[in-house]
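The values are calculated or read from the model by the stated rules, or taken from the named source; none is laboratory data. Keep in mind the model is a prediction, meaning the values are calculated, not measured. All Cβ positions, even for glycine, are placed from backbone atoms using ideal geometry, and neighbour counts span all protein chains on display.
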Amino acid sequence: KKPNNGLGVFFTTYRLVHFCQGQMMNQALSVVVEWYDPVPMVKRSFLLKYYPEVKQVEMIERTNNFSRSFLKKSPVPNELRFPEQLIKGSQFPLYARVLTVIEYADAYTREKLGAKYVGDELSIACISIEADGEKFGAVLSALEEVCGPLLRLRYVRLNSTEAEDLVETFQNNDCDSATIWSSGPAIVAIFTKNIFTAEACRVVGRQFNAPGSIVSSTSPRLSSLLFERPLAHWPTARFGPHCTCLIIKPHAIADKKAGAIIAHIEDKLSSSLKLTAASLVKLERSSAHEFLEAYQSVLPDYQAHLTQLSTGAALVLEIHGPNAVQFLRDLCGPYDVDFARELRPDSIRAKFGENDAVHNAVHCTDLSTDGAIESQFFFSLCAGQLPPP
C-alpha cells in the first residue's frame with residue numbers, strides 16, 4: 001500500500017509547530033554579569049540566562065580557557081523584578097551573591113530589553129519645582145510612566161554659577177534661563193535613554209504649566225555636573241531634631257510607584273511640613289544590616305527584609321517640620337499590608353504595598369529621636385552609595 005502522505009504531512013507539521021512553540025517558550029534573555037568573590041578578591045564573569053515563561057534562571061561561568069555550569073535552572077526569588085533588573089548597569093542579589101549586569105549577551109536580549117531605548121546612553125531629566133515642592137511627585141510619576149524606572153535621583157539646590165553651567169550644557173531653547181534653576185529646589189533624575197524622554201519632558205512641562213522647567217539631556221557633562229562634582233548646597237538635608245525619613249523600597253521603584261507615593265505624601269503635607277531632601281541610594285547588604293539591625297529581634301522575616309532593602313535602588317526622602325515622625329508613621333499605616341488595608345485603607349502601605357510585610361512599599365522612622373540619625377545615615381554616610389550610571 002502507498003503511505004498516507006496527507007497523514008504524514010500532518011504529523012510532520014504538528015511536530016514542527018510543537019518544536020517552534022517549545023523553542024519560543026524556552027527563549028532566554030541573556031546578559032553578562034559580574035560577581036566580586038571576596039575570598040580570592042577577584043571579579044568573576046558569568047552568562048546569566050533568564051527564562052520568562054517558567055521564571056527560571058541559570059548561570060554559566062566564563063573564563064578565557066573554559067566555561068562551566070555554575071547555577072542550574074532555578075526559580076527566580078520572589079523579591080527580584082525580572083526582566084526590569086536585567087537592564088545594563090543594574091545590581092541585584094541572586095542566591096546570596098550581588099551581581100552587576102555588564103552587557104547584553106545577544107541581539108535578542110538587546111532588542112527585548114532595549115525596545116524603547118537608544119543604545120546604552122543615559123537620559124537626564126531636570127525638574128525645577130516650586131519652593132514648596134508640591135508638584136514633585138506628580139511630575140515624577142508622569143515621567144516614570146513614559147521613561148521607565150529611575151536609575152539615579154537627587155534633590156538639589158543650585159547656586160547661580162551651577163545654574164549657568166546647567167543652562168550652557170543644554171544649549172537649546174528648552175532651558176534658556178538660569179534664574180529658573182537657582183530660584184528654588186530642583187530634582188535631577190536619570191533614566192536609561194528612552195526615545196520618548198525629551199518629548200515626555202516637554203509634554204509634562206505643558207501639562208503642569210511649567211514650560212522650560214522640565215527638560216532632558218543625554219550630555220555626560222550634565223551627569224558629571226549634577227552627580228559627580230560636589231555641589232554647593234548638597235546635601236539639602238536638615239539633619240535636625242524635627243526631621244523624619246521615608247525609604248521607598250526597591251520593589252516599589254522597579255514598579256514605577258515612586259512618583260505616586262511622593263504625590264500621595266504631598267497631598268497630605270501641611271504648610272509646616274516640607275520635603276527637604278531626596279536621593280536614590282543602592283545599599284550593600286552590610287549597610288542594609290547596619291540600618292535595620294535594631295529590628296533584627298522584632299521582624300520575623302528579618303533576612304527577607306534585609307534582602308529586599310539591598311536588592312536594588314531605594315529612594316530616601318527627608319521631611320522636616322513639627323511632629324514629622326508621627327505624621328509620617330500615621331501616613332504609612334500598619335507594617336503588614338493586609339492590616340493596613342483593613343485599618344488604614346488610605347495609607348501608603350495599603351495603597352502601594354503588595355501582599356506581605358516585606359513588600360510593603362516603604363519604611364519610615366519609628367522614633368522621634370531617630371529622625372536625625374537616619375537622615376545622617378542616608379544623606380551623609382551613604383551619600384556615595386549611588387546606583388551605577
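Scanning segment 317-324 for residues that are surrounded by fewer than 24 Cβ atoms within 10 Å (Cβ to Cβ), among the small types (G, A, S) and modelled with pLDDT under 90 turns up nothing.
Got at least one residue in segment 256-269 being over 17 Å from K351 (Cβ atoms) and either over 23 Å from the mean Cα position of the chain (by Cα) or not hydroxyl-bearing (S, T, Y) (or both)? Checked segment 256-269: no residue is over 17 Å from K351 (Cβ atoms) and either over 23 Å from the mean Cα position of the chain (by Cα) or not hydroxyl-bearing (S, T, Y) (or both).
Looking across R341, R349, one residue alone is part of a helix (DSSP H, G or I), on the phi < 0 side of the Ramachandran plot and crowded, with 23+ Cβ neighbours inside 10 Å. It is R349. Identification of helices (runs of 4 or more DSSP H) wholly contained in segment 222-304 with 3 or more residues that are in contact with an Asp or Glu (Cβ under 9 Å, 6 or more places away or on another chain) and touching a residue at least 12 places away in the same chain (Cβ under 8 Å) yields 250-254, 258-268.
Going residue by residue through segment 108-130, is there one that turns out to be at pLDDT below 75 and under 22 Å from A237 (Cβ atoms)? Scanning segment 108-130, I find at least one residue that is at pLDDT below 75 and under 22 Å from A237 (Cβ atoms), so the answer is yes. For S271, the conditions (1) surrounded by 18 or more Cβ atoms within 10 Å (Cβ to Cβ); (2) over 22 Å from D370 (Cβ atoms) are fulfilled apart from (1).
Taking segment 29-57 only, how many residues are among the small types (G, A, S) and over 12 Å from L86 (Cα atoms)? Residues in segment 29-57 being among the small types (G, A, S) and over 12 Å from L86 (Cα atoms): 1 in total. If only residues of segment 357-380 that are of a type in the set (A, V, I, L, M, F, W, C) and closer than 27 Å to P345 by Cβ are counted, the one that is surrounded by the most Cβ atoms within 10 Å (Cβ to Cβ) is A361. The residues of segment 54-77 that are more than 19 Å from A105 (Cα to Cα), in a loop (DSSP other than H, G, I, E, B) and not β-branched (V, I, T) amount to a single one, P77.
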